[in-house]
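Shown next, in structure tokens, is the structure this report addresses.
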Amino acid sequence: MLHPDGVAAVEFKVLCGSQKADNDHHNETRRHTVKIRAHLTLIAIATLLPVVVFSGIAISRLLESERQSALKSLQETARLTALTVDRELQSAQAALLVLGTSKNIAAKSRRAFYYEAEAADRGVGAWTILWDQDGRQLANTVMPFGFPLPQADMSGHVVEVLRRKTTTMSGVFKSPINSGYITAVSIPVVPEEGGRYVLSEAFDSYYFTRVFAQSRIPPAWTVAVIDGNGRFIARNRQNDPMIGKPAASNLVNAAQSQAEGQLRHQKVDGQEAYQVFTHSGFSGWTIAVSAPADAIEGMARQAVLFSSLGLAIALLGAAATAVLIGQRLARSIQDAGVAAAALGRGELPRQDATGVEEIDRLNAVLASVGDTLMHERASRRHAEAERERLLLNEQVARKNAEDQNAAKDRFIAMLGHELRNPLSAISGAISLMKADGVRPELVSRAYAIIDRQSSHLSRIVDDLLDLSRLSMGKIALVPQPLELCAVTRACVEALPATRPHAPVRLHIDTAPIWVEADRTRLDQIVANLLGNALKFTPVNGIIDVFVKAEQQTAILTIRDSGIGISRELMPFIFDAFVQGTAQADRSMGGLGIGLNLVRQLVELHGGSVHVVSEGMGKGTTVSVHLPLIDAIDTPSQEQGGTILAEPLEKPVVLLIEDNDDSREMMASLLRLRGFGVLEAVNGADGIRMARQGQPDIAIVDIGLPDMDGYEVARQLHNSRATQAIRLVALTGYGQENDRQRALLAGFETHLVKPVTTEILLSTIQHIAGLASSATGP
């Protein structure tokens with residue numbers, strides 16, 4: 001819009017070679033044009049100014065007068081409701097004071113007191129409750145006498161009433177009888193015969209809505225009672241869904257800062273409403289009354305309608321006066337709009353003489369600026385495209401860096417866990433061998449543990465080195481004719497060294513199939529796949545192993561009934577360091593490099609590997625495809641059969657550790673030092689043994705197969721039978737957040753695997769000293 005004294009009078013200077021010619025043209029046309037300022041001034045003075053000013057003043061005063069009258073009515077309603085609520089509460093207080101003098105309270109004649117209290121009830125929606133000083137219900141007239149009374153934790157309210165020694169109003173709270181909300185007025189009762197009690201008159205929200213009905217409140221108005229915590233006690237409209245919920249924060253804040261007031265706010269349905277509030281003098285509750293803004297201002301609508309009608313007639317007269325004058329202006333402005341639209345589309349605007357001096361000047365400037373804007377727009381589009389490209393590249397690079405950093409952290413954590421478990425068993429075996437008076441069979445067992453766990457460490461290191469060699473292309477195969485079924489059976493027979501704690505049935509169905517392969521690498525492929533199947537197959541699970549030939553391909557298939565693979569993880573299953581969602585106990589952990597090694601080794605042999613899973617809990621099937629060669633004469637191999645991986649013994653222990661070697665070494669060391677030792681291989685057995693055996697100290701591994709050590713600690717502390725047991729956390733994770741988590745779960749201290757004998761014994765003696773002092777005289 002052009003201001004009358006502004007843009008229309010601005011002299012635009014167009015810097016171009018035809019400056020002088022343009023000035024001559026403007027001087028020639030100025031004699032035939034009239035300035036737009038004159039037209040706008042005439043229209044404004046003739047029509048709008050007097051009508052708008054006087055009509056606005058009249059409408060404003062009328063609206064304000066009617067609004068104040070309606071708001072005063074709202075305020076009076078709020079005050080009357082507050083007096084009505086106070087009357088009901090004071091009446092209930094008086095009844096409680098009379099009932100509190102009953103001799104049946106101290107005499108503990110509950111039946112007689114029950115019928116006295118029932119006679120004193122306020123009617124439907126109100127009842128009497130007698131509490132002892134510990135917050136237990138002794139009588140409740142809302143239920144028939146003799147029925148069991150549900151107990152709710154009301155000790156806080158009871159203690160507050162007894163401390164204040166006067167009548168106390170509660171806020172809204174859940175009823176101990178049903179799921180509804182109630183509030184209560186309570187008095188302390190201290191009979192001369194002894195004892196301390198609290199007598200309460202409870203009200204449900206419908207009690208107060210019946211009180212509201214006596215005040216003849218208009219249907220569109222909403223009356224609400226709000227407790228000291230800002231939560232609804234009762235409402236005359238939409239009572240059920242709102243009781244117990246917080247009132248609007250602006251109302252609560254205003255009610256806390258002043259005795260009475262009013263607000264205008266927007267309701268949930270988008271309608272404007274007025275709201276006034278006051279306070280109950282007896283209870284301190286807030287009484288709020290709200291009404292739609294349309295209802296408050298409805299009285300003024302008729303007057304506003306007449307005033308608006310007069311204003312419309314005046315505007316129509318002014319419009320008729322301005323039509324003839326405005327036609328010329330409209331055409332001129334329309335031409336300017338067309339020029340501006342062309343400029344917005346990146347086109348040069350057309351210059352036509354309009355007969356209005358200011359519009360003609362504007363068109364000339366638009367044409368001059370159009371060319372410049374076109375060049376600037378092209379430059380800006382190029383710059384924005386380049387900026388978007390750079391921003392996208394930066395976001396992709398940052399996301400890749402964050403993903404790589406997170407993968408590195410997960411790999412380091414899992415590597416530490418995988419290394420600490422065998423190191424813990426080796427350390428325990430060495431400490432046992434150093435002990436005095438150890439039996440020869442224990443020494444032999446320790447040697448076997450060291451040998452087995454050292455082999456496990458060697459496999460971890462070999463896998464890491466193989467992954468590195470494969471990435472650099474430094475692995476060379478030594479192929480030879482091999483019978484795939486014989487290699488598979490040899491790997492299965494080596495499984496007891498890495499078998500799980502629970503029995504797993506292995507079914508093998510093979511045929512004499514020959515391939516050209518490196519024996520070491522083929523063993524590595526089969527062992528990795530079998531190890532994964534055993535690791536992720538639950539108790540009493542089944543693992544099927546098949547070796548068969550299809551056309552010119554030898555196929556090794558390993559199918560398990562284990563935990564399966566999620567659809568989200570499946571596209572990345574062969575990536576290095578990729579695993580499923582980490583479990584809290586990491587009992588099914590690993591380095592995430594096994595399948596990546598298998599894929600690369602199989603591809604080096606000219607084959608392929610495929611993984612299929614229908615989802616979590618539905619098992620996994622892995623198939624290895626290798627080129628088939630002609631059979632070579634050799635003694636026939638035994639085909640078919642079933643191998644049952646026998647379960648390891650599961651003795652009951654105080655030492656809750658699922659690693660058999662670590663547990664056995666630690667238990668043997670403790671027994672040599674004179675300690676009584678109980679043993680458990682999982683959390684459930686450990687909790688059961690703790691309840692039966694009542695040990696003084698429990699050493700709990702965090703990574704257990706059924707539940708993590710934190711959950712074991714919580715269950716032991718939450719049970720009266722075991723909450724006195726001192727707990728020591730034993731884990732392969734030694735970061736600060738792991739230690740803090742153990743202490744928060746209730747452990748006395750946090751030990752990191754492998755732990756030396758000296759540290760273990762010192763910790764046990766220290767904790768035992770604490771336990772002794774805690775239970776001593």
Check your understanding: Points 7 angstrom from Cα along the Cβ direction at residue 112 and residue 551: gap in nanometres?
Key -> 10.0
Study note, to complete from the structure: Result for region 666-777: accessible area per residue, probe 1.4 angstrom, in square angstrom, of 48
Practice item. Note the full-extension length gain between residue 478 and residue 738 as 0.36 nm times their separation in residues minus their Cα-Cα distance, in nm to one decimal. Key: 89.1 nm
Revision key, fill the gap. Highest mean packing first, using Cβ neighbours within 10 angstrom, the peptides 166-174, 565-573 sort as 166-174, 565-573
Exercise for review: Pop out the ³J(HN,Hα) list for region 522-534 in order, Karplus 6.51 cos²θ - 1.76 cosθ + 1.60 with θ = phi - 60°, rounded to Hz; leave Gly and Pro as x.
Suggested key: 5, 4, 5, 5, 5, 4, 4, 5, 5, x, 5, 4, 5
Check your understanding: Can you list the residues, at least 5 places off or on another chain, whose amide H is less than 5 Å from the amide H of residue 704, using H built in the peptide plane?
Key -> 709
Revision key, fill the gap. Karplus-derived 3J(HN,Hα) from phi for region 549-565 (6.51 cos²θ - 1.76 cosθ + 1.60, θ = phi - 60°), whole Hz, x at Gly and Pro, runs 10, 10, 6, 9, 10, 8, 10, 9, 10, 10, 10, 10, 9, x, 6, x, 10
Revision key, fill the gap. Distance in nm between residue 610 and residue 94 label points, each 7 Å along Cα→Cβ, equals 9.0
Revision key, fill the gap. Simple spin-label estimate for residue 134/residue 103, 7 Å along Cα→Cβ, in nm, reads 2.8
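So for region 662-777, averaging the separation of alpha carbon pairs under 8 Å that are six or more residues apart and normalising by length, what relative contact order in percent results?
21
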Exercise for review: Pull out the extension gain between residue 572 and residue 249, defined as 0.36 nm times the separation in residues minus the alpha carbon to alpha carbon distance; nm, one decimal.
Suggested key: 111.4 nm
Review point. Which whole-Hz couplings ³J(HN,Hα) result when phi for each residue of region 282-296 is put into the Karplus expression 6.51 cos²θ - 1.76 cosθ + 1.60, θ = phi - 60°, listed in order with x for Gly and Pro?
Key: 7, 9, x, 5, 8, 10, 10, 10, 10, 9, x, 4, 5, 5, 5
Practice item. Starting with the highest mean, order 275-288, 176-189, 370-383 by the number of other Cβ atoms within 10 Å, averaged over the residues of each peptide. Key: 275-288, 176-189, 370-383
Revision key, fill the gap. Output ordering of 692-704, 385-397, 95-107 (per-residue mean of other Cβ within 10 Å, highest first) is 692-704, 95-107, 385-397
Revision key, fill the gap. Hits in region 688-710: amide N under 19 Å from the 7 Å Cα→Cβ extension of residue 721, namely 688-699
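Using R₀ = 22 Å, calculate the FRET efficiency as 1/(1 + (r/R₀)^6) where r is the Cβ-Cβ separation of residue 353 and residue 374; round to 0.05.
0.35
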Check your understanding: residue 398 to residue 632: extension gain in nm, 0.36 nm per residue of separation minus the Cα-Cα distance?
Key -> 78.7 nm
**Study point:** Pairwise centroid distance, computed over Cα atoms, of region 657-690 with region 513-567, Å
**Key:** 34
Exercise for review: Quick one: pull the percent of accessible area on region 526-574 belonging to carbon and sulfur, 1.4 Å probe, ligands and nucleic acids left out.
Suggested key: 55
Practice item. Report the trypsin sites (Lys or Arg not before Pro) located in region 696-742 that are in a DSSP loop and have at most 16 other Cβ atoms inside 10 Å of their Cβ, or state none. Key: 720
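Once you order the gyration tensor axes a ≥ b ≥ c over the Cα atoms, which shape class does region 94-201 get: rounded for a/c under 1.5, otherwise prolate or oblate by comparing a/b with b/c? Please report the intermediate quantities before stating the final value.
Details: a/c = 1.38, a/b = 1.09, b/c = 1.27.
Rounded, since a/c falls under 1.5.
The values are calculated or read from the model by the stated rules, or taken from the named source; none is laboratory data. Small disclaimer: the values here were computed from a predicted structure and weren't measured. Quick reminder, even Gly has a Cβ in these numbers, built from the backbone with ideal geometry, and neighbours come from all protein chains shown. Note: areas computed on protein heavy atoms with side chains; ligands, DNA, RNA excluded. Shrake-Rupley method; radii C 1.70, N 1.55, O 1.52, S 1.80 Å.
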